[in-house]
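Input: a single structure, listed below in C-alpha cells.
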Amino acid sequence: MTTVRLSDVSKRYGDLTACSDVTLTIEDGEFFVLLGPSGCGKSTTLRMIAGLESVTAGSIYFDDEDVTDEEPAERDVAMVFQNYALYPHKSVYENIAFPLELSRQRVDEAEIEQRVSETAELLQITDQLDKKPKNLSGGQQQRVALGRSIIREPSVFLMDEPLSNLDAKLRIRMRSELKQLHERLGITTIYVTHDQEEAMSLADRIGLLNEGRVQQVGPPREVFERPTNTWVAGFIGNPPMNLLECALDAEGETERSRVPGPGGTREMAGVVRNEAFSYPLDAEAVADVEAANTGSRLLFGVRPMGLTIVEEATDWTIPARVKTVEPTGERTLVTATVGKTEISVETGNEVTDAIKDTTIHLRPEKFYLYDGTGDLLFVSGARADPAVAGGD
Ligand code: ADP
C-alpha cells in the first residue's frame, strides 16, 4: 500500500511545457483519476510517476521515499496502456501468468493456476486462455494486458486510457469491473482519461489538468457541484455549464427590497445584469463578490439541468429565445439564446417543438458567480423562486 506524492513537478520538452508545478497527493488505496483534454499533460504526469520519463523539476515520493531518480523497475508499479504489447507467441494463460513466472521462488504452480483463473474470470476471458493474442479482439487483448498487471498485485497501478479501444458497451462493463477489482484489491490506482463520464464513475477523487496545470482536485460530486473556475465549469458536465457575462449592480433596482421567500423574508442587496437579463442577489452573494474585489465583470453560471422553464416572467427568471428542441430519449435538450449568448437547457419531455422561436422564462435553481479571471466567487444554495413558492 502506497501514498504517491508529487511536489512541484514540471516537465519541459525544449520550449514546450508539458507539466507545470504539479502538486498532488494520491492517498493510499485511492482510485485517483487524472482528467483533462488531449495534450494537457496527463500521460506525461503518469509516465513520470512510473519513472519512464524524467522530471525537469520537482520531486516524486512513494510514501516517504523520494523515488524521483529511481528506475521504473525499482518503483513496484504496474502500468496498463491503451495499446499494450502482449507476447504474441505465448497463450493468454502464459501472458497473464508471466509476471508470476518471473518470481517463481515466491509463487508455486498451483497458486499461479489459481490466480490466473481468478483473474481470467474477473476479466471474462476464461474461455480464451488457450488462444494466442492475435486470435483475440482488441477488447479481449486489452483484458489480457489488464490481467497481466493485475496478477502482480503491485503497490501502485498506473493506467493510461486502458478502456479507450473498447466499444462503448464493453467499456461501461469493464468500468464497473475495474471498480470492483479496485475495491477488492485496494491498490493505489492512478488512472488517466479524457472521458469525464469514465472519470466520474471510477474516481474516489479527480485531478483536473489543463495546459499542464492542476485546476482542481476533489471527489466527482464536488468537481461537478462546485467547479472552482470557469475552465472546470466548462469541462465538466455535458452540455457544460452556461456562462453569461454580466456585471454586478449593488445599487440596482431591487436594492434592499425585501422579497418574501420560503425561508422567510430575504433582503436583496443588488442585481447582476447585462443587456438581456437581470437577476437579484442577496446580501451574502453581493458581499462575496465585493470581498473578492476583482472588478465588476462577472460570469453568471447555471447548469443546463439547473434551469426550469416557467410560465410567467418574474424577478427571478431569465428570458431566452428558443432555437432548437432536441429530444434525447430520457430528456429534452433545448438550445436558446439569452441576448447574444447561446445556452443549453435540459428539461423533461413535456417540452415540444412548439416552443421553437418563442421567448421562454428560465428559473435558475442554483447558480454560480465567477470573476473576470474565471475564479469562483459564490455558489447559491438550491433556491426556489419566492414568487412561485408563494411566500411565507
Ligand atoms: P495527454 O496525455 O494529456 O494527452 P501528454 O502528456 O501526452 O498529454 O502531452 C502533453 C504535451 O507534451 C503535449 O503537447 C505533447 O505533444 C507533449 N509531449 C509529450 N511527450 C513528448 C515528447 N516525448 N517530446 C516532445 N513533446 C512531448
Sequence gap at least 6, Cα distance under 8 Å: using those rules, report the relative contact order of the range 4-235 to the nearest whole percent.
29
As a test of understanding, state the convex hull volume per residue of the range 4-235 from its alpha carbons, in Å³.
129
With the chain treated as a Gaussian network of Cα nodes joined by springs under 10 Å, which of S344, S149, S380 yields the largest mean-square fluctuation?
S380
E109-A247 pseudo-label distance in nm [points 7 Å out on the Cα-to-Cβ vector]
8.3
Taking only protein heavy atoms into account and a 1.4 Å probe, give the accessible area per residue of the range 155-234 in Å².
42
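Using a probe of 1.4 angstrom, how much of the accessible area of the chain is carbon and sulfur, in percent?
Numbers: 8390 of 18310 Å².
Taking all protein chains in place, the chain shows 46 percent carbon and sulfur surface.
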Quick check: the distance between the Cα centres of the range 140-159 and the range 298-369, to the nearest angstrom?
45
From the cross-link list K131/K169; K340/K366; K169/K366; K134/K169; K42/K131; K11/K169, which pairs have alpha carbons spaced over 26 Å apart?
K169/K366; K42/K131; K11/K169
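For E275 and I172 in the same chain, what is the full-extension length gain: residue separation times 0.36 nm, less their Cα-Cα distance, in nm?
Working: separation 103, 0.36 × 103 = 37.08 nm, distance 4.44 nm.
Extending this stretch completely gives an extra 32.6 nm.
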Cα-based Debye curve of the range 3-53 sampled at q = 0.19, 0.20, 0.29 Å⁻¹ gives log₁₀ I(q)/I(0) of -0.64, -0.71, -1.34
Please compute the Cα-Cα pair-distance distribution of the chain with 10 Å bins starting at 0, giving whole percents from short to long.
5, 19, 24, 20, 16, 11, 5, 1, 0
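Could you work out the helix-only [θ] at 222 nm for the chain, with each DSSP H run of four or more residues adding -39,500 (n - 2.57) and the total divided by the number of residues, to the nearest 500 deg cm²/dmol?
Numbers: 10 runs with 98 residues, N = 392.
Calculated at 222 nm, the ellipticity per residue is -7500 deg cm²/dmol.
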Over the heavy atoms of H361, what accessible area does a 1.4 Å probe trace out, to the nearest 10 Å²?
40
Give me the number: length gained by fully extending S59 to T358, i.e. 0.36 nm times residue separation minus the C-alpha to C-alpha distance, one decimal in nm.
101.9 nm
Exposed-loop-free span, longest in the chain, where GluC sites (Glu not before Pro) count as exposed if DSSP calls them loop and at most 10 other C-beta atoms lie within 10 Å
1-250
What number comes out for accessible area per residue over the range 1-148 if the probe is 1.4 Å? Units Å², please.
49
13 Å beta-carbon shell around L377, net charge (K/R +1, D/E -1):
-3
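The values are calculated or read from the model by the stated rules, or taken from the named source; none is laboratory data. Predicted model only: the values in this text are computed from it and were never measured. Glycine also receives a Cβ, built like all others from the backbone with ideal geometry; neighbour counts cover every protein chain displayed. Please note that ligands, DNA and RNA were not included when accessible areas were found on the heavy atoms of the full protein model with its side chains. Shrake-Rupley method; radii C 1.70, N 1.55, O 1.52, S 1.80 Å.
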